[in-house]
Structure formats: structure tokens, C-alpha cells
Amino acid sequence: MTDVDFHFDVMCPWAYQTSKWVREAAKVRDINLQWRFFSLEEVNREEGKKHPWERPWSYGWSMLRVAAMIRRAPDGNAGVGRFYAAAGKALHEDGFKVHTPEGVAAVLESEGFDPSIVDAALADESTHDDVRNDHNAVLLLGGFGVPTMVLDGNAVLYGPVVTPAPTGDEAGRLWDLVAGWAEFPHLYELRRPKTPADWLHIQDSFAPYLEARDWRTIERPVA
């Protein structure tokens, strides 16, 4: 059994595809999957701009606050998983604007949650702490974005960055490769260059997300 902390931001299309894969991998491999938070708004915040917790509503951060409230229930990890799957599908496959209070409430209701969780999460300042704690914990381990997985509390891996998400036996085979990578602590990078055909494939895969988003993408260079 491998414990996997999967750090996600609902807004990231790559993290969503990787989350679909790791759910599939958990069906065919011994994986104990825990859902953890990460804020792209915070890590990519421009100098002089407000932190996401200083705004009444921040797209990704506020959705994670809702997930933090869900996580406090007895079956909280499973609830977060259901919420992320539904919100991710709505944004990244259906092109639905989930990043508004009304959008999040609609996703909650579709999954049988009480939509008033949105108001409860926003009214409870401690949900900021829940998101910050997960975010800061993986930063201390070297994390810088999503998808990031922490295997058995120590092996930190960014990725795999893949679309579409492998399923069935292919998901299991990719898991074997990823778990094998974690055996080599000083293996830092292996990368496939993207061809023009690859970029067209990615654009097609992310078309619903690109249609629904109301923000511009900011990427920080990573050493």
C-alpha cells in the first residue's frame, strides 16, 4: 500500500487529468489516496496584488475553502474527492463556470451536498487556515505547482502531466512507472518536448476549460 497525498487546485486542467488517472490507478493498484490543497493563485501572485485570502472571493482559493469545509465531515476525504471530481468535470469537460459562488453551489447540489456549505465555508475564517496548511506543507517539501503527489510522506513528484488520463490497465502501468521514479531520489527530470501536433492535441483537450475560464494563465519559472 502506498500513501499518496494528491495536491490539487480545481482550476488547473493538468491536475484534473492527473487526478482522473490516479483514481483509475487506485482501482488496480494498492494506493491510499488523500486529497490535499494547493493554490495556484497564491504561488503565482504578482507583487503588489492581494493574497487570495484577502479577497471576498478568489476563484480557486474559495473553492478549496469549500472543499476544506467538506473535509471536516466524518467521510471528509471521500467527500472532497467527490466534490473535486464533479467540479473538475464541470469546468474541464463541460465548460461550466464553477468558479463563482453560484457555480460551486450548483456542483454541490448535483452531488447531494447542501449548497449552503458555500456560505458556511466563506463565513468560517478557519477554512483559510486549512487551505494554507496544505499549501505551505507541500511548499516546504519543494512543491511549486500542481499536479503534485507526495508518496509515503517523503517522495515529492510533480506530475505525471498527461492528457487524456489513462484508464484501466494503462493507468496501472503508468502508476508502476511513477512509483519506480520515486525510488531514485536524485532523478530530477525526464521530459518529452511538445511538437506542434502535441500543442493542437492539448488545445483540443482543454477547449472546454479555455472557454469557461475568466482569468489569464501565469506561470513562474522553476529552477
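The values are calculated or read from the model by the stated rules, or taken from the named source; none is laboratory data. Note that this is a predicted model, so its numbers are computed, not measured. Positions of Cβ are backbone-derived with ideal geometry, glycine not excepted, and every protein chain shown enters the neighbour counts. The area values use the complete protein model at the heavy-atom level, side chains included, leaving out ligands, DNA and RNA. Shrake-Rupley method; radii C 1.70, N 1.55, O 1.52, S 1.80 Å.
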Test set (1) surrounded by 10 or more Cβ atoms within 10 Å (Cβ to Cβ); (2) modelled with pLDDT under 95 - Val222 fails condition number: (1)
Single unsatisfied condition, Ala197 versus (1) under 26 Å from Arg71 (Cβ atoms); (2) aliphatic (A, V, I, L, M); (3) without any contact (Cβ under 8 Å) to a residue 24 or more places away in the chain: (1)
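Out of all the residues in the range 164-184, which are in a loop (DSSP other than H, G, I, E, B) and either touching a strand residue (DSSP E or B) at 6+ places or on another chain (Cβ under 7 Å) or open to solvent by 100 Å² or more (accessible area, probe 1.4 Å) (or both)?
Result: Ala182, Glu183, Phe184.
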Per-region count, the range 77-99, residues β-branched (Val, Ile, Thr) and either without any contact (Cβ under 8 Å) to a residue 24 or more places away in the chain or not in a loop (DSSP other than H, G, I, E, B) (or both): 1
Residues located in the range 68-89, provided they are open to solvent by 10 Å² or more (accessible area, probe 1.4 Å) and either touching a Cys at 6+ places or on another chain (Cβ under 9 Å) or within 25 Å of Glu211 (Cβ to Cβ) (or both): Arg82, Ala85, Ala86, Lys89
Check on Glu102, at pLDDT 95 or above, charged (D, E, K, R), in a helix (DSSP H, G or I) and surrounded by 15 or more Cβ atoms within 10 Å (Cβ to Cβ): no
Selection count where residues are in a loop (DSSP other than H, G, I, E, B) and open to solvent by less than 30 Å² (accessible area, probe 1.4 Å), scope the range 185-203: 0
Residues that are in a loop (DSSP other than H, G, I, E, B), more than 20 Å from Glu125 (Cα to Cα) and open to solvent by less than 40 Å² (accessible area, probe 1.4 Å), drawn from the range 26-54: Asn44
Residue check, Pro52 at pLDDT 95 or above, over 21 Å from Val4 (Cα atoms) and not hydrophobic (A, V, I, L, M, F, W, C): yes
Pair list, Cβ < 6 Å and 6+ apart or interchain, from the range 109-130 residues that are surrounded by fewer than 16 Cβ atoms within 10 Å (Cβ to Cβ) to residues that are aromatic (Phe, Trp, Tyr) and in a helix (DSSP H, G or I): none
Number of positions in the range 131-163 that are surrounded by 16 or more Cβ atoms within 10 Å (Cβ to Cβ), in a loop (DSSP other than H, G, I, E, B) and more than 14 Å from the chain's Cα centre (by Cα): 1
Filter result for Arg65 (among the charged types (D, E, K, R), within 26 Å of Ser110 (Cα to Cα), open to solvent by less than 20 Å² (accessible area, probe 1.4 Å) and part of a helix (DSSP H, G or I)): yes
